[in-house]
Amino acid sequence: MMKLKFDGRGNINADALYNIDPAKRRVGTLTLENSEGSQIDLLSTRTLRSGSLVGLVNMRDEALTDAQTQLDELAASLARAFSTHVEPGTAYPASGTQTGYELDLANLQPGDSVSFNYKDLGTGLSKSVTIYRSDGPEPPALTATNDPDSIFLAVDFSSGNHATIAANIQSALDGDARIGAGTFAAANPGGSTLRLESTAPASLRIESARTNETVSGPSAHGDAFALFVDDGDKTFTGMADGRPNITGFASRIRVGSTFVNDPSLLVEYAPGIANGDATRPQAVLDKLTLTKTTFTPKTRIGGSGSLFEGSINDFVTASVSHQSGRSAQAKATVTGQQVVTSNLKSRLDDSSKVSVDQELAQLVQLQNAYAANARVMQVVRELYDILMRS
């Protein structure tokens, strides 16, 4: 005797996902158990291919997971867009032929980054490099991508020694085949300064460099303030305890208590700023509509395995379009399945239904046959009677 079982879980959150490895699986699965107790996982073996059960599983493990990822990325991008202050690097050297930039790393928190753009003067091709501060065992998701022109690296800053940090940056740059060993030189001339130079400035030029620093609270910068925070009014950087903490952030994002208590800080970010000053409102608008952000391929926006680069407004539009497309596809699939089901049901009904007219005709035919047989028997009986009387 076979039994269908489902090992449901009591608590499901944004981190609870299906995995074919039972040790890593954090949601329930469907199993078929025989009389001897042996079980077959119907999901890992893909035994189920259609029907309402498969539809529910796909909704749980794919459609809703994709939607959750997109919402988390949107929430994280909003928080980072508002709280990130961009500090341009200083051209180096100050006079003569420029070879690179100097940047101050003192204010970088885990999840913050150093970014620079460079151009191959021979081919005219440009690339961007982003170096995240990642002090734990798991780097930001973007570092796992292999885009040839948008390069994301992770470097450990936990030593606190800026000479060591510069050496780690040098190793990361040299170790990436998309850049090439010896293309750039990273050094610490003193303090918390990072000096980043092209080793061949005549053929490969660093066009710009900057640090992307997360600020806390209202801050004194016109372009950055921590409007959105994590649970407990914590500043959100995308990293916590050495790991990315974007998953589930859509349910944790909050407006910082500082701005809830004093909304005037949305405009008056420093002493002497008038309440009609447009600096911050304009910065907010620019960050939503103009500032380019890179979104992880996990969002499935822009194609599987591809980065999506655009403004937050672009991402929202693409996400809505993506979900609308999936909804339309699901409706079309349902319509097709309903047609198939209707046809099968019609055939089943045709093969099993009773036709009153047909049955009455058969009864009449049977009655006529019975009457004919009875007449034959009567004739035989009469013949026997005549024979016996003779």
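The values are calculated or read from the model by the stated rules, or taken from the named source; none is laboratory data. Since the structure is predicted, the reported quantities are computational estimates derived from the model, not experimental observations. When we count neighbours, we look across all protein chains shown, and the Cβ atoms used for this are built from the backbone with ideal geometry, even at glycine.
Figures for the structure shown
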{"quantity": "Count of residues meeting criterion [in a loop (DSSP other than H, G, I, E, B), touching a helix residue (DSSP H, G or I) at 6+ places or on another chain (Cβ under 9 Å) and aliphatic (A, V, I, L, M)] in segment 216-265", "calculated": "5"}
{"quantity": "Leu125 being touching a His at 6+ places or on another chain (Cβ under 7 Å) and at pLDDT 95 or above", "calculated": "no"}
{"quantity": "Complete set of residues in segment 316-351 that are among the basic types (Lys, Arg) and either in contact (Cβ under 8 Å) with a residue 60 or more places away in the chain or not in a helix (DSSP H, G or I) (or both)", "calculated": "Arg326"}
{"quantity": "Spans of strands (runs of 3 or more DSSP E) in segment 78-184 with at least 3 residues more than 24 Å from Asp223 (Cβ to Cβ)", "calculated": "113-120, 150-155"}
{"quantity": "Evaluation of Thr29 against (1) surrounded by 16 or more Cβ atoms within 10 Å (Cβ to Cβ); (2) on the phi > 0 side of the Ramachandran plot (one fails), failing number", "calculated": "(2)"}
{"quantity": "Residue pairs meeting the criteria (Cβ under 8 Å; at least 6 apart or on separate chains; first over 16 Å from Ala224 (Cβ atoms) and free of Cβ contacts under 8 Å to residues at least 40 places away in the same chain, in segment 254-283; second of a type in the set (D, E, K, R) and exposed (fewer than 13 other Cβ atoms within 10 Å of the Cβ))", "calculated": "Arg254/Asp231"}
{"quantity": "Near pairs, Cβ below 6 angstrom, 6+ apart or cross-chain, from segment 289-315 (part of a helix (DSSP H, G or I)) to any residue that is at pLDDT below 90 and not charged (D, E, K, R)", "calculated": "Pro297/Gly305; Pro297/Ser306"}
{"quantity": "Residue within segment 48-67 that is farther than 30 Å from Phe6 by Cβ and not assigned by TED's automatic domain parsing to the domain that holds Thr235 present", "calculated": "no"}
{"quantity": "Test for Glu213: is it surrounded by 19 or more Cβ atoms within 10 Å (Cβ to Cβ) and not in a loop (DSSP other than H, G, I, E, B)", "calculated": "yes"}
{"quantity": "Per-region count, segment 348-375, residues within 30 Å of Val54 (Cα to Cα) and surrounded by 10 or more Cβ atoms within 10 Å (Cβ to Cβ)", "calculated": "1"}
{"quantity": "Ala67 vs. criteria at negative phi, within 17 Å of the chain's Cα centre (by Cα), at pLDDT below 90 and surrounded by fewer than 19 Cβ atoms within 10 Å (Cβ to Cβ)", "calculated": "no"}
{"quantity": "When residues of segment 183-210 are limited to those that are without any contact (Cβ under 8 Å) to a residue 24 or more places away in the chain and among the β-branched types (Val, Ile, Thr), the one surrounded by the most Cβ atoms within 10 Å (Cβ to Cβ)", "calculated": "Thr183"}
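Table: residues versus (1) surrounded by 14 or more Cβ atoms within 10 Å (Cβ to Cβ); (2) modelled with pLDDT of 90 or more; (3) over 16 Å from Gln70 (Cβ atoms).
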{"site": "Gly232", "(1), (2), (3)": "no, yes, yes"}
{"site": "Gly242", "(1), (2), (3)": "yes, yes, yes"}
{"site": "Thr247", "(1), (2), (3)": "yes, yes, no"}
{"site": "Ala270", "(1), (2), (3)": "no, no, yes"}
{"site": "Gly276", "(1), (2), (3)": "no, no, yes"}
{"site": "Ala283", "(1), (2), (3)": "yes, no, yes"}
{"site": "Thr293", "(1), (2), (3)": "yes, yes, no"}
{"site": "Arg300", "(1), (2), (3)": "yes, no, no"}
{"site": "Glu309", "(1), (2), (3)": "yes, yes, no"}
